[in-house]
1. When only residues in segment A:221-245 that are touching a His at 6+ places or on another chain (Cβ under 9 Å) and within 10 Å of chain B (Cβ to nearest Cβ) count, which is nearest to B:L223 (Cα to Cα)?
2. Could you grab me the full set of residues in segment A:112-126 that are over 12 Å from B:K391 (Cα atoms) and more than 10 Å from chain B (Cβ to nearest Cβ)?
3. Hey, among the residues in segment B:400-418 that are small (G, A, S) and modelled with pLDDT of 95 or more, which one's farthest from B:I203 (Cα to Cα)?
4. Kindly indicate whether any position in segment B:36-57 is part of a helix (DSSP H, G or I), within 14 Å of chain A (Cβ to nearest Cβ), in contact (Cβ under 8 Å) with a residue 40 or more places away in the chain and over 18 Å from B:V180 (Cα atoms).
5. Please go through segment A:206-242 and give me each residue that is buried (at least 20 other Cβ atoms within 10 Å of the Cβ) and farther than 22 Å from A:I334 by Cα, ordered by number.
6. Looking only at segment A:111-166, how many residues end up being crowded, with 24+ Cβ neighbours inside 10 Å, more than 27 Å from A:D197 (Cβ to Cβ) and aliphatic (A, V, I, L, M)?
7. From the list A:T342, A:T404, which residue is in contact with a Pro (Cβ under 6 Å, 6 or more places away or on another chain), closer than 30 Å to A:N129 by Cβ and of a type in the set (S, T, N, Q)?
8. Within segment B:176-190, is even one residue closer than 23 Å to A:V214 by Cβ, at pLDDT 95 or above and not assigned by TED's automatic domain parsing to the domain that holds B:F356?
There are 2 protein chains.
Amino acid sequence: MSVEEMIEKMAKGARHASRALRNRGRAEKDRALLRMGALLLEKEAIIRRENQKDLVKAKDLGLNTAMMDRLTLDPKTLRSMAEGLQEVASLPDPVGQVTGMWKRPNGMRVGRVRIPLGVIGFIYESRPNVTVDAAALCLKSGNAVILKGGAEAIHSNIILGRLLDEALEEADLPHEAVQVVPTTDRRAVEVLLRLEDHVDVIIPRGGEGLIRFVTEHSRIPVLKHYKGVCHVYVDQFADNDMAAEICYNAKVQRPGVCNAMETMLVHEKIAPDFLPPMVRRFQEAGVEIRGCPRTMELIPKAQPAVAQDWPAEFLDLILAVKIVADMDEALDHIERYGSKHTEAIVTKDHERAQRFLYEVDSSVVLVNASTRFNDGNQLGLGAEIGINTSKLHAFGPMGLEELTTQKFIVYGDGQTRA
Amino acid sequence: MSVEEMIEKMAKGARHASRALRNRGRAEKDRALLRMGALLLEKEAIIRRENQKDLVKAKDLGLNTAMMDRLTLDPKTLRSMAEGLQEVASLPDPVGQVTGMWKRPNGMRVGRVRIPLGVIGFIYESRPNVTVDAAALCLKSGNAVILKGGAEAIHSNIILGRLLDEALEEADLPHEAVQVVPTTDRRAVEVLLRLEDHVDVIIPRGGEGLIRFVTEHSRIPVLKHYKGVCHVYVDQFADNDMAAEICYNAKVQRPGVCNAMETMLVHEKIAPDFLPPMVRRFQEAGVEIRGCPRTMELIPKAQPAVAQDWPAEFLDLILAVKIVADMDEALDHIERYGSKHTEAIVTKDHERAQRFLYEVDSSVVLVNASTRFNDGNQLGLGAEIGINTSKLHAFGPMGLEELTTQKFIVYGDGQTRA
């Protein structure tokens, strides 16, 4: 069977399964999730044996330590994956939820009810635990999913797919509800992206290159974020200590993630007090500062920022710093260089807080809190499959509800249109 | 200026205007809408003079009467357009609506607030009144819009665009909030569809050819429906008279629209009683019946249906009729041939009504009411810019709320992530 035939067969199977899944109750879906969690622990030996094959190959290819870490399925990772499954099982089922119902003048009752999206194509890189996370969220929300992971995790993904299949079987759910693409052939992605009749949405997760490739080649709607160029604006009326804690947390706590701060904007009135000790603290943590000319006057030992630094997603211990004359300049800077991901203001001034919240056009806008809170779990969605920085369908972190859509249901008693 | 340069300039202007519009209050937006309504009546003479140019050209090109009718801006049409503007002005403003707010264990308050999508590219055919309708809905929901109408309405669209501009000016709103593409050059559409950095969503309205062209060429997310192949299923337990009224209304009241019935499915137990008088009534109204073999046994004078009739959107006084052995067969038929647009069941049986409502995967599913109710006004959304049959963002009729998205706002008091 060619790659084309294989992917099309999988997609048709997924479409078929999605119909069967559409109205399955929460009990069966949760049973599959919990059974999968148990299998991860029961089958530890075989999972690790398959994972070992990926690790050996990765070592041969010279992957760095961080990448090897992400690829490794050790007992701790497996336990945490099993806990993740239990957590998703414990969340409410969004499917079937009636979000509103009203009566029309002609007596018809019109309601909106949550339904699954249908078939999801999930395309991702390296970490094999994502295979299980994504499968769990799609299944719980009643969607069939086709999982296309990175070549470096192929053996791990295939064995996880087999165990997912076993769990589906035991819960009496269709096999094609969750399918792992069992090939490293890159054409598989291109084929998948063309199957608009069988796949309803594509969710890519990975580096900017992957996302661009998917967006450019897909005929199917894509939910994605390219990058997070997140800003914290330290206002003239900020509490100095609070601003320092928030900025430090936003940059240093986990610099390699999309909701870490990449540029700090500082009001000129607070800069002389705030900036020198803040920069000292950053430098002690190993953060490289790239400053605007006015920052350089206050911090002569910093690196001067260049034009490419302002739109950059460093994903590293690097921070661009700009002193602004007023809030307008901060808002203009964010409008120009931001990625609509996450922006925060630190201020004690109510009016400025409100203005920032409403004028900044980002998926999550915070007052006096770290950008690191842009995360489905942290914001209270229960879990997240990713963050969307395009405005269609869902803006920001996507949880179970965001993996559904709503249809209209109408109860009439013979109404016709005049 | 080349078409490329012109469209890009318009799109950049729209992006700029969308920032200015983002937080404009309801009062200014409504003022512009009401002023535009007044201008349509004040400037009737000049509008009709420009419209006449389009009509003369259309006659030369040999457009049929129906098309000429749709193109004509007579006093009655202008009055109804002005009333439409008043209606949109009277609707609540969705922007700024906080749809939920909750407190996290760490004390942060997290809320979701409706915001405009940003810049909308609206691509449509013939009827110039759509220019004003679409502009009104986009403006009211805080979006900037670029309107690309059909070549045959170019003079009408340009003059309407000029009046819209005058109304914006008087309400102190940016000119680029509503822009009519002032050319019939077909490349304009292709250029617009590539400007993913400046345009957030494309909404096409027109025939299947236009929709396919837009979907295939767009790098920007598209909200659209290809076609409405709508079904009414007359169940074994239907009230015979009610079923007849609903089916007649769904087919005959306005056969040329997307929510008209194209296929009638009839349970075999009710068919001998229901079908012969129903078909007589249809035939008296000039409806051509294309029947399955079992229908042909009951109605020998009907046309035998061929394979292409089942997925067909006739948009005409033609009806495919199929007798089914049970509800499963009806559901399978809809799953296979339906367009996810609108489906209705007529039944007195509660369990079957519920099963149909929840198993049919269409944007609007009705019990004992005509398919013709799939319409934003009829369902109570206040107005509609179109119907979406893809599941992302909004499924079914799209009103003002569906022209917005939601962002997260977070009120903290110094929270950082551990």
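1. The residue in question is A:P221.
2. A:G121, A:F122, A:I123, A:Y124, A:E125, A:S126 - these are the residues of segment A:112-126 that are over 12 Å from B:K391 (Cα atoms) and more than 10 Å from chain B (Cβ to nearest Cβ).
3. Per the stated criteria, the residue is B:G414.
4. No, there is no match, as no residue in segment B:36-57 is part of a helix (DSSP H, G or I), within 14 Å of chain A (Cβ to nearest Cβ), in contact (Cβ under 8 Å) with a residue 40 or more places away in the chain and over 18 Å from B:V180 (Cα atoms).
5. Result: A:V214, A:S218, A:I220, A:P221, A:V222, A:L223.
6. Here the count works out to 3.
7. Step by step, each of A:T342, A:T404 is checked, and only A:T404 is in contact with a Pro (Cβ under 6 Å, 6 or more places away or on another chain), closer than 30 Å to A:N129 by Cβ and of a type in the set (S, T, N, Q).
8. Scanning segment B:176-190 turns up at least one residue that is closer than 23 Å to A:V214 by Cβ, at pLDDT 95 or above and not assigned by TED's automatic domain parsing to the domain that holds B:F356.
The values are calculated or read from the model by the stated rules, or taken from the named source; none is laboratory data. The shown structure was predicted, so the numbers you read here are calculated from the model rather than taken from an experiment. When we count neighbours, we look across all protein chains shown, and the Cβ atoms used for this are built from the backbone with ideal geometry, even at glycine.
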